[in-house]
Structures are given as structure tokens and as C-alpha cells.
1. Quickly run through segment 277-289 and pick out the residues that are surrounded by 19 or more Cβ atoms within 10 Å (Cβ to Cβ) and in contact with a helix residue (DSSP H, G or I) (Cβ under 9 Å, 6 or more places away or on another chain).
2. Pick from 107, 20: which is surrounded by 12 or more Cβ atoms within 10 Å (Cβ to Cβ) and either free of Cβ contacts under 8 Å to residues at least 60 places away in the same chain or touching a strand residue (DSSP E or B) at 6+ places or on another chain (Cβ under 6 Å) (or both)?
3. Scan (1) under 18 Å from residue 255 (Cβ atoms); (2) out of contact with any strand residue (DSSP E or B) (no Cβ under 6 Å at 6 or more places or on another chain) for the single condition residue 227 breaks and write down its number.
4. Can you find, within segment 25-59, the residue that is surrounded by the most Cβ atoms within 10 Å (Cβ to Cβ) among those that are in contact with a helix residue (DSSP H, G or I) (Cβ under 7 Å, 6 or more places away or on another chain) and part of a loop (DSSP other than H, G, I, E, B)?
5. Quick check on segment 180-188. Is at least one of its residues within 25 Å of the chain's Cα centre (by Cα), without any contact (Cβ under 8 Å) to a residue 40 or more places away in the chain and surrounded by 14 or more Cβ atoms within 10 Å (Cβ to Cβ)?
6. For residue 223, only one of the following conditions fails: (1) touching a helix residue (DSSP H, G or I) at 6+ places or on another chain (Cβ under 9 Å); (2) under 17 Å from residue 95 (Cβ atoms). What is its number?
7. Among the residues of segment 63-75 satisfying the criterion of being over 20 Å from residue 88 (Cβ atoms) and without any contact (Cβ under 8 Å) to a residue 60 or more places away in the chain, which is surrounded by the most Cβ atoms within 10 Å (Cβ to Cβ)?
8. Could we say that residue 221 is without any contact (Cβ under 8 Å) to a residue 24 or more places away in the chain, outside the structural domain of residue 65 (by TED's automatic domain parsing) and on the phi < 0 side of the Ramachandran plot here?
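The values are calculated or read from the model by the stated rules, or taken from the named source; none is laboratory data. Please read all numbers here as calculations on a predicted model, not as lab measurements. No Cβ is skipped: glycine too gets one built from the backbone with ideal geometry, and neighbour counts run over all protein chains shown.
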């Protein structure tokens, strides 16, 4: 049933296997087994596409209901045993910095009995893990919708510029984005973080220029070292992340005209929130105020 749902949502056997963390032939075998047991064909398969048949569409809500019922039963029994009463599995986002520390501090003050397990994963994997109940919630930046989940806005993070301390612009407390037009920009490839790249490029265009591409952003350590010692260049950090970065020969300066920023959301399932999740939402609200 889980294999069927994964294929139905991905419409691709390979991606479904990656999501389930098993090999593709196993997914195909189990789906065929289910089709034999039901006596219907659930998917139309071609070399180019996988689509649900009429029977597959009809079966989909029943499959979801069965797995939801199973998960509810497992959670009810776990609650009776007291195994999950005070556990919260939370997916984290790169660059949360002082934001994450503030949330965890506020959560500890409000619900000291809650043990938080932090899980790091790429954005798509984080969302799937919330959807599949492997995580109770996850921070996600940029995306404002995801099928089967609610994305609750928790805070907005400004982007700040990182540039060499020896550069003349470093003497300013706030930098106009247009003043960085001639400096090469070190940023991750768009495929790795499309929301960040699109937000920054759009802000640069609004300021009247196309950013000059420099070497790609690799790691914090290597990129900041290259900015500090190499030819003049710049990159961007989330303000909450820059607040905890240690780079003596690099300065972080707020940007203006315009100020690029990204919204951070908390991804949750559209179920009644558990006491632990309610405490987390309260902590997010408190840390953002």
C-alpha cells in the first residue's frame, strides 16, 4: 500500500523508490502484487510516463485512509506505552542560525518535558518525511505550498552581504544592493537552492543590474576564506545565520534598495496538533516576536 501511494504521488517508479529508500524493482514487484490481489490495473506504464488508471484513481483515497488508520492505531498504542508522549521530531533547514536556538530555548521554557530530535535533510526529503509521519514538523524556506501539508509562516529572514573587511563598502553599516553590481557573486547553483537564487537575482534586477557570476558557493569555511583572501567578491547569508558565523576578515552588512528576504514556514500535516506540536508553534511565535 505504501509503495502504491508513493508511485501515485510521484508518478515515477524511480522517484518513488528513492523516496522509500529501496531499489526500484522492489517497488514494481509490490505494485504488481497489489494489482494481482485486487484484480485490476492501477497504473498505465509507458517508457515515457506513469499515470493512474480509473481503478487507480478510485483506489487512491481508500489506500490513504487505510494507512492513516494504521498510523493512528500505532500512535494510539505508543501513547499508551508513553513512548512518544514527550518526543518531537523536527526537520531543520540550513541557515536557521540564531532562529533555531531561539525556538528551542522558547520550547524548553514552555514544555521542558518535550525531547526534541533534530533531523537534517534536503527540502523535498524533509517534506516527504513530514507527509509520511517520520517527522512531526519541518522548517522549510521559500516554498509556500506542498500537497498534503500545511505550510505555516513563522518568520521572514533578510539576506545580508558578506564581503572582505578590506573592501571600501565594508565601512558602511548598510549597503545599497546596486553598489555590489561590479563584484562577482559567489552563490550556490540554482538547482541546489532555487528560492534563494531567484530571490537574490530578482532583487538585483530590481536594483538595475544582473549579478556578475563568480565561483560557486561551496562550504561556509572555503567560501568565506576565498572572499577574505582572494580577489574582491561577495555572497549572501541569511541574517540569522550570519549572526553566528566566525570570519574575522569578512564583514556581514544589511542590504537595501531593495532588501531581499525569504519566508520560512513550518510544514505540518493537516491533523489536529499534538501537545508537543502546539508547544512548538507557540515557541515559533514567541521567537519571531
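1. 279, 280, 283, 284, 287 - these are the residues of segment 277-289 that are surrounded by 19 or more Cβ atoms within 10 Å (Cβ to Cβ) and in contact with a helix residue (DSSP H, G or I) (Cβ under 9 Å, 6 or more places away or on another chain).
2. Details: 107 fails: either free of Cβ contacts under 8 Å to residues at least 60 places away in the same chain or touching a strand residue (DSSP E or B) at 6+ places or on another chain (Cβ under 6 Å) (or both).
Result: 20 is the single residue among 107, 20 that is surrounded by 12 or more Cβ atoms within 10 Å (Cβ to Cβ) and either free of Cβ contacts under 8 Å to residues at least 60 places away in the same chain or touching a strand residue (DSSP E or B) at 6+ places or on another chain (Cβ under 6 Å) (or both).
3. Every listed condition holds for residue 227 apart from (2).
4. The residue in question is 42.
5. Here is the first cut: in segment 180-188, the residues within 25 Å of the chain's Cα centre (by Cα) are 185-188.
Okay, now just the ones that are also without any contact (Cβ under 8 Å) to a residue 40 or more places away in the chain, so 188.
Narrowing the set further to residues that are surrounded by 14 or more Cβ atoms within 10 Å (Cβ to Cβ) leaves 188.
Yes, some residue in segment 180-188 is within 25 Å of the chain's Cα centre (by Cα), without any contact (Cβ under 8 Å) to a residue 40 or more places away in the chain and surrounded by 14 or more Cβ atoms within 10 Å (Cβ to Cβ).
6. (1)
7. So in segment 63-75, the residues over 20 Å from residue 88 (Cβ atoms) come out as 63-70, 73.
With the extra rule that they be without any contact (Cβ under 8 Å) to a residue 60 or more places away in the chain, the set shrinks to 64-65, 68-70, 73.
Numbers: 64: 15, 65: 10, 68: 13, 69: 10, 70: 12, 73: 10.
Checked segment 63-75; the qualifying residue surrounded by the most Cβ atoms within 10 Å (Cβ to Cβ) is 64.
8. Values: without any contact (Cβ under 8 Å) to a residue 24 or more places away in the chain: yes; outside the structural domain of residue 65 (by TED's automatic domain parsing): yes; on the phi < 0 side of the Ramachandran plot: yes.
Yes, satisfied.
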